[in-house]
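Only one structure is covered here, and it is reproduced in the block below.
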Amino acid sequence: MLIDANNHLGLVALLFSIVGVCCWAERFSWAGRVSAPVLIILVALVLSNLGLIPREAPSYSFVSEYFVMASIPLLLFKADLRMIIAETGRLLFAFLIAAGGTVLGVVTAFLLVPVGDVGAQAAAVITGGYTGGGMNFVAVSKVVGLEDPTRFAVVLGAEASVALSYLMLLSLMPAFAWFARWDAAKAAPHVPAAQSERHTTTDGPDLTHMGLALGLSLAVCAVGVGLANLVGQSRFSILAITLIAIAVANLARNRMQALKGDFTLGMLLLYVFFGVFGAGVDLVSMLRQAPLLMLFALVIILVHAAVAFGLGRLLGFSAREVAVASNACVLGPPTAAALAARSGWHELVTPGILCGILGYLIGNFLGAAVFELLR
């Protein structure tokens, strides 16, 4: 074995290195299509299944317990509810329809696809992922007890591969004749790009800001865990942390908006966690479980798309509004902004980003609610 399970510094150094290399690789088109989180899991998976690193280690447990927890407030400190409501306009309602389509799709998949005793957990974490993003997927996995690395990796792989296919479909849709006809009939006039992209740029990381952000994040976590333990519901500590982080983001909105590097730091912690889960995967068991969970995720996306586009058209939304809202829901703010900008829908860049941030806010709670409903 290249690195022993008790070599904590060596394992943590390797995990951070894997994250750095995989994020760097995203500049290449093939890696960008796969995405850094999936690459991180695959690299760690290969290393552990070749016997070069352990599948279990004390340092893994530390990362799994504390890195995930600390990442949640860091990713939510910019979630200003007033800005979301004020600036998303019609797209907010299209987004909520798309989120409802995700929940309906999850319930449908749970009833139709027999994935065994992991069904309720898979339904919950995919609900979080397909209404928010990777942070919600991981946070909900903690809430519902999806701790087995192999099961986690299988569900994440199914969710990510289906979401990637859906992203490619959304990117192609503007070229379809039916999409163009629908959009021409309903779309509002464009606004200048400079007015709609002001939320897409962020200042670079600042050491003072990052230190304060991490300190505040850990304080939020400490209070959230304490409150959950106080009421005897420790498994809901993630939800308590989410609520407190949202409160901080909105009660101190000006100070939170001025923070630099908090979101980047949160993503770094989350990406290291993906490496830990990749290392714990049993490849043989994963391949055995993958087909049914792929079908499970596919059913969810099909129902989501049917509800988003079908109900969206009936309610008078334009094709572009539905496409961006659906993208923000399933794939998050960056790809929603990219779809809008690339297609020339500049008036939807900022609303797309803000709807994706709203997904971060609601994803944990929707995932937990779906689990309680289905288990």
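The values are calculated or read from the model by the stated rules, or taken from the named source; none is laboratory data. Only a predicted model underlies this, so the values are computations on that prediction, with no experimental measurement involved. Glycine also receives a Cβ, built like all others from the backbone with ideal geometry; neighbour counts cover every protein chain displayed.
Numerical summary
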| item | result |
| --- | --- |
| Single residue of V284, V220, V248 found to be part of a helix (DSSP H, G or I), free of Cβ contacts under 8 Å to residues at least 24 places away in the same chain and of a type in the set (A, V, I, L, M, F, W, C) | V284 |
| Counted residues, the stretch 340-375 - those being assigned to a helix (DSSP H, G or I) and closer than 18 Å to A94 by Cα | 20 |
| Extreme residue, modelled with the highest pLDDT, among residues of the stretch 77-98 that are aromatic (F, W, Y) and crowded, with 19+ Cβ neighbours inside 10 Å | F95 |
| Enumeration of residues in the stretch 34-61 that are outside any helix (DSSP H, G or I) and either closer than 14 Å to V272 by Cβ or not basic (K, R) (or both) | S35, L50, G51, L52, I53, P54, E56, A57 |
| Residue count, the stretch 141-178 (criterion: under 19 Å from V330 (Cβ atoms), of a type in the set (F, W, Y) and surrounded by 18 or more Cβ atoms within 10 Å (Cβ to Cβ)) | 1 |
| Which listed residue is under 19 Å from the mean Cα position of the chain (by Cα), buried (at least 22 other Cβ atoms within 10 Å of the Cβ) and more than 30 Å from A70 (Cα to Cα), from A245, A319, A323, A297 | A323 |
| Long-range neighbours under 6 Å by Cβ, at least six apart or interchain, first residue touching a residue at least 40 places away in the same chain (Cβ under 8 Å) within the stretch 356-374, second of a type in the set (G, A, S) and surrounded by fewer than 24 Cβ atoms within 10 Å (Cβ to Cβ) | I357/A79; L361/A79; F371/A120; L374/A120 |
| Selected residue (criterion: farthest from M135 (Cα to Cα)) from residues of the stretch 223-245 that are assigned to a helix (DSSP H, G or I) and without any contact (Cβ under 8 Å) to a residue 12 or more places away in the chain | L230 |
| Residue within the stretch 2-9 that is outside any helix (DSSP H, G or I), polar (S, T, N, Q) and either under 30 Å from S318 (Cα atoms) or out of contact with any helix residue (DSSP H, G or I) (no Cβ under 6 Å at 6 or more places or on another chain) (or both) present | yes |
| Among the residues listed as G332, G363, G312, G261, the single one being on the phi > 0 side of the Ramachandran plot and crowded, with 24+ Cβ neighbours inside 10 Å | G332 |
| Residue in the stretch 100-140 that is farthest from I72 (Cα to Cα), counting only those that are of a type in the set (V, I, T) and surrounded by 24 or more Cβ atoms within 10 Å (Cβ to Cβ) | V106 |
| Condition broken by A305, with the remaining ones in (1) touching a Leu at 6+ places or on another chain (Cβ under 9 Å); (2) surrounded by 24 or more Cβ atoms within 10 Å (Cβ to Cβ); (3) of a type outside the set (S, T, Y) satisfied | (2) |
